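Some notes on the structure that comes next.
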Amino acid sequence: MSTATLTIDLGAITANWTALSALGRAEAGAVVKADAYGLGAARVGRALAKAGARTFFVAVAEEGVALREALGPGPVIYILSGHMAGDADMLSDMSLAPILNSLDQMIRHLESLPGHEFGLQLDTGMNRLGMEPSEWAAVRDIAVAQEPQLIISHLAAADVRDDDMNRRQLELFRQMTAGLECPLSIANTGGIMLDKAFHFDVTRPGIGLYGGMPYADARPAVALDIPVIQCRDVEVGEVVGYNSGWTAQRPSRIATLNAGYADGIFRAIGGKSAVWADDVRCPIVGRVSMDLIGIDITDAAADPKTVSLLGRHQGIDELADCAGTIAYEILTALGARYTRRYLGG
Ligand SMILES: *Cc1c(COP(=O)(O)O)cnc(C)c1O
């Protein structure tokens, strides 16, 4: 096999969902937007539905159509970007519930699909999506009379426990929804970890399902193993890769791996990160190329056949740190060339 193997542990994902649901009284939904953060929304969605998830969130209606095809009738599928022009047929044919973000979306929805399920999003300070307090005050009675299935808001800094923004958003969400009977939801993974006060009726974990921070107890959901194409010896002073990115300081053995930045392995990790040959750390040397990566295997017992970039030695958050980014970006960048292997589910 010449391509790298991405192993996706559906058992870990469902265990993370079950554990996050058990943290509070709320029903745990599941955020499977962006193809379940790159891990495959159909497989992940089916595994979660089997584990008991009844409420799913995706970003756009097209993702909702694909998810409905995978899940069949039953689970509620919310569309976070709301009801966009041209979406009405998809929403109605596939029973998708848009989360309406503005008065414009509300009018579009009520005109084109009267009586069709929907949710509402309120902006409590992130200024990304949702109705602002003044707009909400004007339409609240009309909107509530149409019986939304869920009212949500989104936290801008839930990953930072002591950021005052969390408390302010919670307070405003409470004010904006005071006296309403409708189910409420504000917590993403970070929000679930903050405090039960953020749980309300439905939670919306995403990254925690896939093994990422700030859910510190998450079971890792991905492993990435990359084949070695070729090994060679280099003398002191020889260089490796584009633009002589690395120079041997000792007689070294270099292996070339069959993956690169076209597979979502960011160029920024060159010289900063490592892979593992069994338990031996092998630093990435020189620049990450489009399809190839050089590593220093001098300390390995023998020439490895494959090495691990993501697995028990290095998780998505550690790799993200090396790349100067977040685990969300590591996952959603995972490339199309991998052989994908699913465990459990
Ligand atoms: C992506 C997203 C989530 C999930 O967030 P995580 O931090 O991955 O748990 C929840 N709610 C909304 C509105 C989102 O856009």
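The values are calculated or read from the model by the stated rules, or taken from the named source; none is laboratory data. Given the structure is predicted, the values throughout are model-derived calculations rather than measurements. Virtual Cβ from ideal backbone geometry, glycine too; neighbours counted across all protein chains shown.
Name the helices (runs of 4 or more DSSP H) wholly within the stretch 53-157 that hold at least 1 residues that are over 26 Å from L10 (Cα atoms)?
Answer list for the stretch 53-157: 88-93, 103-112, 133-145.
Would you pick out the residues in the stretch 24-39 that are surrounded by fewer than 24 Cβ atoms within 10 Å (Cβ to Cβ) and in a helix (DSSP H, G or I)?
K33, A34, D35
Conditions (1) within 16 Å of the ligand (Cβ to nearest atom); (2) of a type in the set (D, E); (3) under 28 Å from S244 (Cα atoms), marked per residue:
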{"residue": "I269", "(1), (2), (3)": "no, no, yes"}
{"residue": "P283", "(1), (2), (3)": "no, no, yes"}
{"residue": "D291", "(1), (2), (3)": "no, yes, yes"}
{"residue": "L334", "(1), (2), (3)": "yes, no, yes"}
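Sort out which residues of the stretch 135-160 are of a type in the set (D, E, K, R) and at negative phi, and write them in order of number.
The answer is E135, R140, D141, D159.
Looking at (1) of a type outside the set (K, R); (2) closer than 24 Å to W17 by Cα; (3) out of contact with any helix residue (DSSP H, G or I) (no Cβ under 7 Å at 6 or more places or on another chain); (4) touching a residue at least 24 places away in the same chain (Cβ under 8 Å), which is the only condition D195 fails?
Evaluating D195 over (1) of a type outside the set (K, R); (2) closer than 24 Å to W17 by Cα; (3) out of contact with any helix residue (DSSP H, G or I) (no Cβ under 7 Å at 6 or more places or on another chain); (4) touching a residue at least 24 places away in the same chain (Cβ under 8 Å) leaves (4) as the failure.
When the stretch 179-212 is examined, which residues are found to be more than 21 Å from the chain's Cα centre (by Cα) and in a helix (DSSP H, G or I)?
Residues satisfying the conditions are K196, A197.
Restricting to the stretch 141-165, and then to whatever is away from the ligand (no atom under 13 Å from the Cβ) and buried (at least 18 other Cβ atoms within 10 Å of the Cβ), can you tell me which residue is nearest to A327 (Cα to Cα)?
P148
What pairs come out if I take residues in the stretch 25-54 that are over 29 Å from A197 (Cβ atoms) and at pLDDT 95 or above and pair them with residues that are of a type in the set (S, T, N, Q) and within 15 Å of the ligand (Cβ to nearest atom) whose C-beta lies under 7 Å away, six or more apart or interchain?
Hits for this filter: G38/T332.
When the residues of the stretch 119-133 are filtered to those that are in contact (Cβ under 8 Å) with a residue 12 or more places away in the chain and among the polar types (S, T, N, Q), which remaining residue is nearest to the ligand (Cβ to nearest atom)?
Of everything passing the filter in the stretch 119-133, Q121 is nearest to the ligand (Cβ to nearest atom).
Being of a type in the set (V, I, T) and more than 10 Å from the ligand (Cβ to nearest atom) is the filter here; which residues of the stretch 185-238 pass it?
V202, V222, I226, V228, I229, V234, V236
Filter the stretch 35-60 for residues that are charged (D, E, K, R) and in contact with a strand residue (DSSP E or B) (Cβ under 8 Å, 6 or more places away or on another chain) and give the result.
If the condition is that a residue be charged (D, E, K, R) and in contact with a strand residue (DSSP E or B) (Cβ under 8 Å, 6 or more places away or on another chain), then R43, R54 are the ones that fit.
If I filter the stretch 29-64 down to residues being touching an Asp or Glu at 6+ places or on another chain (Cβ under 8 Å) and more than 16 Å from the ligand (Cβ to nearest atom), which single residue comes out as nearest to S185 (Cα to Cα)?
Here the residue is R54.
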